[in-house]
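Engineer: My structure is below; once you've seen it, I'll send some questions.
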Amino acid sequence: MTTVEDNGGEDTGANRHASAEHQLGTVGVAHREVAAAEATAANLAWWDADADDYQATHGGFLGDADFVWCPEGLREADARLLGEVRGRRVAEIGCGQAACSRWLAAAGAHPVGLDLSAGMLRHARAGAARTGITVPLVQATAERLPLADGSMDAACSAFGALPFVASLETVFAEVHRVLRPGGPWVFAVTHPIRWIFPDDPGPAGLTASQPYFDRTPYVEVDAEGTATYVEYHRTLGDYVRALTATGFVLEDLLEPEWPAGHTRVWGQWSPLRGKLFPGTAIFRARAFPGAR
């Protein structure tokens, strides 16, 4: 599993997910093809089951109204990847507890947070209550955005939704549809090179064990073989081709370096691995007018 995990400096491995796995009856791992309907059902159940533990683990780092792009700690306040946001309508795809959306609202934007999981959106509402910053929240899959054509000035996703959908092209086409011509689409994902290594922050995580070009999904299953968690792997080229096929122009690809003095271990993210190879890829693209 290559999702972001924050272990507060201590590597607890799969223990952080024990509650969700027990609730969903997860008994093992498979590598097999998974269609969209099964993936959506599995990941909806997973994030609902894991929402409380996720917030307890991540909430302190992510903050209540901050925009953190990645475990390396890159913040939108410094990177300005979305450009000027004041007065802009911004869709956050896979918003989770919506800290990024609340930061955008505080910066003068008009964000809307979308997430598949009602459990995560419950924490988004709690964050709004703590901060007094309220943003519209919508429960929806990234593959079918309930937003009008051309209604958004920008779209973003910080480790949300994209690893868990069967079709990048479907999501990107939806994002293109809701963006005004020229609107930016910026998203952060686990760097695809991490797929080839075990999810281990220590020395064992430095030895390649999985083919980079094997796109077979990682699947956790229950006793009947039904998926309880699904994550898809794409290469860098897959992301680029999906963007260009759906009318986007890729403007930049950032691979944040591990900051000096940053000692926090996040699941498989660590200073040891971070100084050797990237853990995050951030794509900045723009909707090409008239293309789809």
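The values are calculated or read from the model by the stated rules, or taken from the named source; none is laboratory data. The structure presented is a predicted model; accordingly, all values stated were derived computationally and were not measured. Cβ atoms come from the backbone with ideal geometry, glycine included; neighbour counts cover every protein chain shown. Ligands, DNA and RNA are stripped out before the accessible areas are found, and what is left, the full protein with its side chains, is counted by its heavy atoms. Shrake-Rupley method; radii C 1.70, N 1.55, O 1.52, S 1.80 Å.
Engineer: So who's got an amide H within less than 5 Å of the one on residue 75, skipping anything under 5 residues away but keeping other chains? H placed 1.01 Å off N, in plane.
Structural biologist: Correct list: 69.
Engineer: Rounding to the nearest 10 and keeping the result within 0 to 90°, find how far the Cα-based axis of helix 36-62 lies from the longest principal axis of the chain.
Structural biologist: Between the helix axis and the principal axis of the chain, the angle is about 90 degrees.
Engineer: Further, regarding this structure: Could you tell me which GluC sites (Glu not before Pro) in the stretch 217-292 are loop residues by DSSP with no more than 14 other beta carbons within 10 angstrom of their beta carbon?
Structural biologist: Those satisfying the criteria are 224, 257.
Engineer: Mean shadow of the stretch 193-292, computed from the convex hull of its alpha carbons, in nm²?
Structural biologist: Orientation-averaged projected area of the Cα hull: 8.7 nm².
Engineer: Using Cα atoms only, what is the angle between the long axis of helix 236-245 and the major principal axis of the chain, expressed in degrees (0 to 90) to the nearest 10?
Structural biologist: 30
Engineer: At a 1.4 Å probe radius, which order do 255, 38 fall into by accessible area, largest first?
Structural biologist: 255, 38
Engineer: Let me know the shape class of the chain, please: from the alpha-carbon gyration tensor, a ≥ b ≥ c as square roots of the eigenvalues, rounded when a/c is under 1.5, otherwise prolate if a/b is greater than b/c, or oblate.
Structural biologist: Since a/c stays below 1.5, the shape of the chain is classed as rounded.
Engineer: Cβ under 12 Å from residue 225's Cβ, residue 225 left aside: what net charge do those residues give with Lys, Arg +1 and Asp, Glu -1?
Structural biologist: Result for the neighbourhood of residue 225: -3.
Engineer: In terms of modelled amide H atoms, which long-range or inter-chain residues lie less than 5 Å from the amide H of residue 158?
Structural biologist: Amide H to amide H, under 5 Å and 5 or more residues apart or across chains, residue 158 pairs with 188.
Engineer: Further question: Could you give the alpha-carbon Rg of the stretch 19-162 over 2.2 N^0.38 Å, rounded to two decimals?
Structural biologist: Relative to the rule-of-thumb radius for its length, the stretch 19-162 sits at 1.07.
Engineer: Rounded, prolate or oblate for the stretch 197-251? Axes are the square roots of the Cα gyration tensor eigenvalues, ordered a ≥ b ≥ c, and the cut-off for rounded is a/c under 1.5.
Structural biologist: Oblate is the answer for the stretch 197-251, as a/c is 1.5 or above yet b/c matches or exceeds a/b.
Engineer: How about the stretch 119-180: which trypsin sites (Lys or Arg not before Pro) there lie in a loop by DSSP and see at most 16 other Cβ atoms within 10 Å?
Structural biologist: The qualifying sites are 144.
Engineer: On a 0 to 90 degree scale, rounded to 10, what angle separates helix 118-131 from the longest Cα axis of the chain?
Structural biologist: Between the helix axis and the principal axis of the chain, the angle is about 60 degrees.
Engineer: To continue, here is another question. Karplus couplings for the stretch 89-105 from phi (6.51 cos²θ - 1.76 cosθ + 1.60, θ = phi - 60°), rounded to Hz, Gly and Pro as x?
Structural biologist: Couplings: 8, 10, 9, 9, 8, x, 6, x, 7, 6, 4, 5, 5, 5, 5, 4, 4 Hz.
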